[in-house]
1. Might you let me know whether the range 16-23 holds any residue that is touching a His at 6+ places or on another chain (Cβ under 6 Å) and not assigned by TED's automatic domain parsing to the domain that holds E365?
2. Taking the range 36-69 as the region of interest, how many residues are closer than 29 Å to H231 by Cα and outside any helix (DSSP H, G or I)?
3. Considering only residues that are more than 18 Å from T279 (Cβ to Cβ) and of a type in the set (D, E), look in the range 213-256 and name the one that is surrounded by the fewest Cβ atoms within 10 Å (Cβ to Cβ).
4. Can you find, within the range 60-79, the residue that is nearest to V13 (Cα to Cα) among those that are buried (at least 20 other Cβ atoms within 10 Å of the Cβ) and among the polar types (S, T, N, Q)?
5. Outside any helix (DSSP H, G or I) and among the hydrophobic types (A, V, I, L, M, F, W, C): which single residue out of A97, A147, A82 fits that description?
6. I'm trying to understand the selection: among the residues of the range 212-227, which are assigned to a helix (DSSP H, G or I), within 22 Å of L364 (Cα to Cα) and touching a residue at least 40 places away in the same chain (Cβ under 8 Å)?
7. Give all pairs with beta carbons closer than 9 Å in which a residue from the range 29-55 that is closer than 14 Å to N83 by Cα meets a residue that is assigned to a loop (DSSP other than H, G, I, E, B) and among the acidic types (D, E); count only pairs at least 6 apart in sequence or on separate chains.
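The values are calculated or read from the model by the stated rules, or taken from the named source; none is laboratory data. As the structure is a prediction and not an experimental result, all values here were calculated from the model. For neighbour counting, all protein chains shown are included, and Cβ atoms are generated from backbone atoms with ideal geometry for every residue, glycine included.
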Amino acid sequence: MSMSLATDFRKDVVRLGAGDLTACMNCGSCTATCALSEGTAAFPRKTIRYLQIGAKGQIEGSLEPWLCYYCGDCSVSCPREANPGETMMAARRWLTARYDWTGLSRWMYRSHWVELGALLAVAAVVLALFLIPSGFGFRALSSHPEALDTVRLDLFASRTFVHIGDLILAFVLSTLLLSNAARMVYLAMRGRRVPIRAWIRPVTEFVVHGLTQRRWRDCDNDDSRFNWLRHILLVSGYGTMFVLVVVFLNPFQVEDTAWHWTSLLGYYATLVLLAASFTILSDRIRKRTQMHAFSHFTDWLFPILLALTSLTGIVLHLLRLMDLAMPTYVAYVIHLCVAVPMLAVEVPFGKWAHLLYRPLAMYLEAVRKRAAAEA
């Protein structure tokens, strides 16, 4: 494979949080220490070398940044304190921006004001939906005075309209994320001749790693195992809430305060998301491990949005149980003004995209190996 050099792109990666590329002498200590580095995926040494010489094309098609789970062992063992672990994290941010055809990821990673602006813009749209249309939101209360005496979410936010909104949001997010994933596949596999059977047989790699992220357990330290377990719980909580809102909205958004089967799932999802977000924030504040020693703006924003989504959901539920009508409606809108922007911005363009890119990288790496074996 030919190699074209583009030294300017190194500045972009450094801006995204890379370690000191000039300090690295390419001794290989980081790769020797890494429990996941193997065969052709000799990271982080190879990735850092590509960055040093400006091999943009090789980084574009590289899967190694996604195969790294940032246990931090490489940074601890580095004799030059070049922080190769954070460099791999920065490479993932750069690749996320490269896959995104809209260009929004690139601007978000370059400026936290752009990311905050995107979140506020989506929140403004959500707020407008409850303020402007007649027969919906706050304007619906004028024609339904009974909704001011007792909580009537069916009159304030019709489940039919909310469900349609959920489906539209899910479709838009899926389209954006899958189209970006298609660009990832193109960049990673271009120039390679892969037989059809090599694409089919490793599909289980994508499914297994997408659901379990089990490769994280192979990192050779206790912190990585804890992070893996926390990640599993977080994804299970997010997935549970997503299914409740998108698939089971009717039994989930009910009018009475009696016990429903969805309540247990809702409590589980909320508590898991809240616990995961607060422990992540605590780790970053205390810089508990090498993984948390350096934090990009997006590393803070991700758990903060999770925590706010969980907290506003809890407040909403408590107000509803107390049958406080107007406070419940206000809390409902505030909750959506946090949750919807988080999903609309962070899933296809930000940190959450790794939930798709990482298992996809595991699958593509398996495809490459099978194609090479059958060549």
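1. Within the range 16-23, the subset touching a His at 6+ places or on another chain (Cβ under 6 Å) is 17.
If we keep only those that are not assigned by TED's automatic domain parsing to the domain that holds E365 as well, we get 17.
So far as the range 16-23 goes, yes, one or more of its residues are touching a His at 6+ places or on another chain (Cβ under 6 Å) and not assigned by TED's automatic domain parsing to the domain that holds E365.
2. Count: 14.
3. D256
4. Out of the qualifying residues, it is S62.
5. On the way: A97 fails: outside any helix (DSSP H, G or I); A147 fails: outside any helix (DSSP H, G or I).
Just one listed residue meets the conditions, A82.
6. Keep residues of the range 212-227 that are assigned to a helix (DSSP H, G or I), which gives 212, 214-218, 222-227.
Next, from what is left, pick out any that are within 22 Å of L364 (Cα to Cα): 212, 214-218.
Listed by number, the residues that qualify are R215, W216, D218.
7. Qualifying pairs under 9 Å: T33/D220; C34/D220.
A quick yes/no check of all residues on (1) among the β-branched types (V, I, T); (2) farther than 27 Å from I304 by Cβ; (3) in the same structural domain as F278 (by TED's automatic domain parsing):
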| site | (1), (2), (3) |
| --- | --- |
| A182 | no, yes, yes |
| A188 | no, yes, yes |
| P195 | no, yes, yes |
| V203 | yes, yes, yes |
| S224 | no, no, yes |
| N227 | no, no, yes |
| H231 | no, no, yes |
| M241 | no, no, yes |
